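Structure, as structure tokens:
The values are calculated or read from the model by the stated rules, or taken from the named source; none is laboratory data. Keep in mind that this is a model prediction, so the values were computed, not measured. Note that each Cβ is placed from the backbone with ideal geometry, even for glycine, and that neighbours are counted across all protein chains shown.
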Amino acid sequence: MHAGRMIGAAALAVMLGLGSPALADVKAGVDAWQQGDYARAIAEWRPLAQAGDPDAQFNMGQAYKLGRGVQSDFPVALDWYRKAAAQGHLRAEDNLGLLMFQQGDRADAMPYLQRAALRGEPRAQYIVGTALFNGDLIGKDWVRAYALMSRASASGLTQATTSLAQMDKYIPDDQRRQGLAMAASLEKGKGETLASAPAVPTRPNPPAERPAPKPTTPPTPSPQPRPTQRATTPPPPALPSKPAPAAPAPAASGDWRVQLGAFSQEGGARSLWNRLTAKVGGLSAYQPFFVRAGSVTRLQAGPIASSGDAERLCARIKAAGADCFATRK
């Protein structure tokens, strides 16, 4: 399979970033995952992953990171991501860099994160922008730092917006203007970057850095709220979560719903509904549906007027760490 074919049409592939279900067995795993049968999904994907299929390898990485069908195991997740990334699977490379950074392997994560940042991954842009601002792990470059932080902020990442306001206090006007111009160029060329990104070696060398600017201002703090003074060794930036979109307003009627899970007992579905309505703002305005399908009770919420509104509601639910996909009744 080719890395450029990242996400298939299946709703679960959109929901979790799972590999494209081109092979029948990969699709069978996606179908099982969608039904909450994570063990069967793993059974479908594991032999394909062991045989070298990059989509199945990426899916195994997702399973071990989330702890679905297997015990959560970050080192094993990293190993599967790394195998898929070595074959050019770009989503695997993005996840590899983010998880490595989160686990404290910051120096080795940086080359992956730099490529992910150029492809438009906002969390990677935030981390690399912070590193470039501080001169931490990579050479200081305030123009590039401002460009990447601007792109992350434009995506809705609140941490990046806060950091950008801090950068405004230290980066000279001319470098900020150059950064904004570079940010516009990055956004315009994002598709070309995706198409031409090379496969990654197991331990890549970082790309060559352009010379860091020599600002006349004193050494500056990391872009955190209310900076005080520059630490000798600045703390790493926290790995932010993706921003949650605004929840669409419930419709009086509509053919669309979102599915939140499938359970052998209705009590499990009702328990999940209570937890999610307390966790996801605006979800309690929707009506829960407990749909019996054979021996399984599916938890759905609706009604929703359009597929776009359903996807937006799902994105908000997923941002809270829960499963969700849009479905038509």
**OP:** Determine whether segment 83-92 contains at least one residue that is of a type outside the set (D, E, K, R), closer than 25 Å to residue 316 by Cβ and in a helix (DSSP H, G or I).
**Re:** no
Original post:
When the residues of segment 243-265 are filtered to those that are more than 17 Å from residue 313 (Cβ to Cβ) and loosely packed, with under 15 Cβ neighbours inside 10 Å, which remaining residue is modelled with the lowest pLDDT?
Top reply: 264
**OP:** Look through 70, 26, 76 and report the one residue that is at negative phi and outside any helix (DSSP H, G or I).
**Re:** 70
**OP:** Quick one: count up the residues across segment 170-180 that are touching a residue at least 40 places away in the same chain (Cβ under 8 Å) and either more than 20 Å from residue 128 (Cβ to Cβ) or touching a strand residue (DSSP E or B) at 6+ places or on another chain (Cβ under 8 Å) (or both).
**Re:** 1
Original post:
Using beta carbons and a limit of 9 Å, which pairs, at least six apart or on different chains, have the first residue in segment 150-168 and more than 18 Å from residue 319 (Cβ to Cβ) and the second one of a type in the set (Val, Ile, Thr) and modelled with pLDDT of 90 or more?
Top reply: 163/130
**OP:** For residue 112, work out the one condition from (1) under 24 Å from residue 263 (Cα atoms); (2) in a helix (DSSP H, G or I); (3) of a type in the set (Ser, Thr, Tyr) it doesn't fulfil.
**Re:** (1)
Original post:
What is the one condition in (1) out of contact with any helix residue (DSSP H, G or I) (no Cβ under 9 Å at 6 or more places or on another chain); (2) farther than 30 Å from residue 172 by Cα that residue 107 does not satisfy?
Top reply: (2)
Original post:
Which of the residues belonging to segment 37-72 are farther than 13 Å from residue 26 by Cα and within 18 Å of the chain's Cα centre (by Cα)?
Top reply: 61, 62, 63, 64, 65, 66, 67, 68, 72
Original post:
Within segment 165-198, can you find the residues that are at pLDDT below 90, crowded, with 19+ Cβ neighbours inside 10 Å and not small (Gly, Ala, Ser)?
Top reply: 186
**OP:** Could you grab me the full set of residues in segment 297-329 that are of a type in the set (A, V, I, L, M) and crowded, with 17+ Cβ neighbours inside 10 Å?
**Re:** 299, 301, 304, 305, 310, 313, 315, 317, 322, 326
**OP:** Mind listing whichever residues of segment 54-71 are closer than 16 Å to residue 89 by Cα and either among the β-branched types (Val, Ile, Thr) or surrounded by 24 or more Cβ atoms within 10 Å (Cβ to Cβ) (or both)?
**Re:** 54, 55, 56, 57, 58, 59, 60, 61
Subject >> Residues located in segment 95-110, provided they are crowded, with 20+ Cβ neighbours inside 10 Å and out of contact with any Lys or Arg (no Cβ under 7 Å at 6 or more places or on another chain) >> reply: 95, 97, 100, 101, 109, 110
